[in-house]
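K.L.:
This is the structure, below, for whatever I ask next.
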Amino acid sequence: MNLTKINCVFLVLFLIVLSQKGVAQIRAFNSVSNELKWEKLDDAIAKAKVQKKLVLVAFHAKSCPYCRKMKDHVYSDFEMKQLIHKYFIPVEIDLENPVDFIYKGEVMNSSALAAILEVSGTPTLSFLNDEGDLIAFQPGYLNTVLFSKLIKYVGTGKYATVSFAEFSKE
């Protein structure tokens, strides 16, 4: 009888230790794999060619409340990150930060790049092909439902054959 109780205690302790180790491993995995890795623009275009993906350029400004909302509610969402990485190489550009970028072999600041990519406000998503050419853009805040549809619409190439309204009905 005592042996049975001892065996049960060891079994319970073993399961507790095993479950805590498993939880720690899951947390470690999620913290690494759940990150949205923003690339430099020139690197993103080069990677897009190799990986046969598109480039997603997210223009934002630190002073923009809707940009913060996109960061907190959309870019931080696990499913959105997975969708972005499935179809795109992501680039983040802060229009208030005067950093230079290399775009199609030319060095330019974020304002000049924004003008070329038809960005007039933030947040704006610009979608580029693997040559760096603008194929579509979407200004304004998008919730996760609309963002997901847009990412799939552009990422799957449907933008070339059907309207977004038609795609959304599918």
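The values are calculated or read from the model by the stated rules, or taken from the named source; none is laboratory data. Because the structure is a prediction, the values reported are computed rather than measured. Positions of Cβ are backbone-derived with ideal geometry, glycine not excepted, and every protein chain shown enters the neighbour counts. Ligands, DNA and RNA are stripped out before the accessible areas are found, and what is left, the full protein with its side chains, is counted by its heavy atoms. Shrake-Rupley method; radii C 1.70, N 1.55, O 1.52, S 1.80 Å.
K.L.:
Residues in segment 114-131 that are more than 18 Å from the chain's Cα centre (by Cα) and not acidic (Asp, Glu): how many?
P.N.:
Count: 7.
K.L.:
Further question: So which residues in segment 136-170 are in contact (Cβ under 8 Å) with a residue 24 or more places away in the chain and either open to solvent by less than 50 Å² (accessible area, probe 1.4 Å) or in a loop (DSSP other than H, G, I, E, B) (or both), if there are any at all? Write out each step before concluding.
P.N.:
Taking segment 136-170 as the starting set, the residues that turn out to be in contact (Cβ under 8 Å) with a residue 24 or more places away in the chain are 140-144, 147-148, 150-152, 154-156, 159.
GLY140, TYR141, LEU142, ASN143, THR144, PHE147, SER148, LEU150, ILE151, VAL154, GLY155, THR156, listed by residue number.
K.L.:
Now, a different point. Could you list all residues from segment 51-66 that are in contact (Cβ under 8 Å) with a residue 40 or more places away in the chain and under 26 Å from ASN129 (Cβ atoms)?
P.N.:
Matches in segment 51-66: LYS52, LYS53, LEU54, VAL55, LEU56, VAL57, ALA58, PHE59, HIS60, ALA61.
K.L.:
Consider GLU79 carefully, then state whether it is more than 14 Å from ALA58 (Cβ to Cβ) and within 17 Å of the chain's Cα centre (by Cα).
P.N.:
yes
K.L.:
Could you list, ordered by first residue, the pairs with Cβ atoms under 9 Å in which the first is in segment 78-102 and among the hydroxyl-bearing types (Ser, Thr, Tyr) and the second is open to solvent by 40 Å² or more (accessible area, probe 1.4 Å), at least 6 apart or interchain?
P.N.:
Pairs that qualify, where the first residue is among the hydroxyl-bearing types (Ser, Thr, Tyr) and the partner is open to solvent by 40 Å² or more (accessible area, probe 1.4 Å), are TYR87/LYS53; TYR87/LYS152; TYR87/THR156.
K.L.:
Working only within segment 65-109, note down all residues that are part of a strand (DSSP E or B), touching a Leu at 6+ places or on another chain (Cβ under 8 Å) and either of a type in the set (Lys, Arg) or open to solvent by 70 Å² or more (accessible area, probe 1.4 Å) (or both).
P.N.:
ILE102
K.L.:
Tell me which residues, restricted to segment 122-135, are out of contact with any Pro (no Cβ under 6 Å at 6 or more places or on another chain) and either open to solvent by less than 70 Å² (accessible area, probe 1.4 Å) or of a type in the set (Gly, Ala, Ser) (or both). Outline the logic, then answer.
P.N.:
If we filter segment 122-135 for residues that are out of contact with any Pro (no Cβ under 6 Å at 6 or more places or on another chain), which is where we start, we get 122-123, 125-135.
Once the filter is applied, which keeps residues that are out of contact with any Pro (no Cβ under 6 Å at 6 or more places or on another chain) and either open to solvent by less than 70 Å² (accessible area, probe 1.4 Å) or of a type in the set (Gly, Ala, Ser) (or both), segment 122-135 yields THR122, PRO123, LEU125, SER126, PHE127, LEU128, ASN129, ASP130, GLY132, ASP133, LEU134, ILE135.
K.L.:
Among VAL91, VAL99, which is touching a Lys or Arg at 6+ places or on another chain (Cβ under 8 Å), closer than 23 Å to ASP133 by Cα and among the β-branched types (Val, Ile, Thr)?
P.N.:
Details: VAL99 fails: touching a Lys or Arg at 6+ places or on another chain (Cβ under 8 Å).
Checking each option against the conditions leaves just VAL91.
K.L.:
Go through (1) open to solvent by 20 Å² or more (accessible area, probe 1.4 Å); (2) within 15 Å of PRO139 (Cα to Cα); (3) among the aliphatic types (A, V, I, L, M) one by one and return the number of the condition ALA112 breaks.
P.N.:
(2)
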